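J.: Dropping the structure in here first, questions after.
Nothing in this text is a laboratory measurement; each read-out follows from the coordinates by a stated rule. Just so it is clear, the model here is predicted, and its values are computed rather than measured.
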Amino acid sequence: MNEEHLLRIQAITEAALLTAGKPLSLEQLRELFAEDERPARQVMEHVMMLLESACEGRGFELKKVASGYRLQVREEYAPWVGRLFEEKPQRYSRALLETLALIAYRQPITRGEIEDIRGVTVSSNIIRTLLEREWVRVVGHRDVPGRPAMYATTKQFLDYFNLTGLDQLPPLSEVRDLEEIGREIEKNMQAEIEFESPASGDSDEQTLH
């Protein structure tokens with residue numbers, strides 16, 4: 001395959017990623033092409049390397065996450081990009097981050113088990129927010145009286161936090177407590193380009209600033 005053909009595939013791939021607004025897998029990118037011109041997977045992997053190199057020194061980068069690849073603003077430019085929007089990006093309470101951390105590290109885990117570890121009741125708003133954001137999902141029910149739901153993280157969780165897998169979470173041995181785990185997870189958050197009105201939370205939740 002000559003260089004001109006590779007550059008054309010790269011340009012089509014870049015256009016698709018800019019338009020999609022979500023991560024695209026290699027297979028989804030390959031399916032953009034008619035069957036008789038569809039690049040082999042190895043060729044697409046090479047094209048992604050070319051595109052990644054082409055983004056060097058620019059305000060955006062090619063990022064691989066759990067669901068595939070996406071083009072996103074580099075984190076260091078988020079303060080300036082954020083000024084384009086009237087509303088501030090959503091911030092999450094310490095209680096929510098601690099709950100999310102427990103689900104990420106101890107999954108599958110029930111709400112009651114989270115409450116036993118944290119020593120406080122888990123707000124229904126927290127669970128609802130995590131489900132609505134599609135960061136967690138119900139993966140089954142514990143075989144105990146009441147059959148409580150068991151929660152685990154999703155690909156959307158990995159995508160949002162710029163992770164390809166749970167093995168990229170900070171090792172549990174490197175953090176001292178749940179609050180610190182929450183801060184570690186928050187540090188991995190990409191600057192949100194979707195700016196939403198902050199969701200209403202419980203009055204006893206402390207919002208991080």
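J.: Explain nothing, just compute: Karplus ³J(HN,Hα) = 6.51 cos²θ - 1.76 cosθ + 1.60, θ = phi - 60°, for every residue of region 119-124 in order, whole Hz, x for Gly and Pro.
T.: Calculated HN-Hα couplings, in order: x, 9, 5, 8, 4, 4 Hz.
J.: May I pose another question? Taking 0.36 nm per intervening residue step and subtracting the Cα-Cα distance, what contour gain separates GLU37 from ALA54 on full extension? Could you put the intermediate results ahead of the total?
T.: Working: separation 17, 0.36 × 17 = 6.12 nm, distance 2.34 nm.
Using 0.36 nm per residue and subtracting the Cα-Cα distance, I get 3.8 nm.
J.: Calculate the tail of P(r) for region 12-72: the fraction of all Cα-Cα distances greater than 14 Å, expressed in %. Mind showing how you got there, number by number?
T.: Working: 971 of 1830 pairs.
Tail fraction, whole percent: 53.
J.: When each pair of different Cα atoms in region 41-140 is counted once in the 1/r mean, what is the Kirkwood radius in angstroms, to one decimal?
T.: Values: mean 1/r = 0.0591 Å⁻¹.
Evaluated on region 41-140, it is 16.9 Å.
J.: Let me ask something else. Near the amide H of PHE60, under 5 Å away, which other amide H atoms are found, from residues 5 or more places off or on another chain, if H is placed in the peptide plane?
T.: ARG74
J.: Taking θ = phi - 60°, what integer Hz values does the Karplus form 6.51 cos²θ - 1.76 cosθ + 1.60 yield along region 91-98, in sequence order, with x for Gly and Pro?
T.: 10, 10, 5, 4, 4, 5, 5, 5
J.: Could you give each residue of region 140-149 its phi-based ³J(HN,Hα) in whole Hz, using Karplus coefficients 6.51, -1.76, 1.60 with θ = phi - 60°, and x for Gly or Pro?
T.: Each residue of region 140-149 in turn: x, 9, 5, 7, 9, x, x, 6, x, 5 Hz.
J.: Roughly how compact is region 108-156, stated as its Cα Rg over 2.2 N^0.38 Å to two decimals?
T.: Numbers: Rg = 10.8 Å, N = 49, 2.2 N^0.38 = 9.7 Å.
Against the compact-globule rule of thumb, the ratio is 1.12.
J.: What is region 1-132's relative contact order, in percent, from Cα pairs under 8 angstrom and six or more apart in sequence? Walk me through the numbers before you get to the answer.
T.: Working: 84 pairs, mean separation 22.8, N = 132.
Reported relative contact order: 17 percent.
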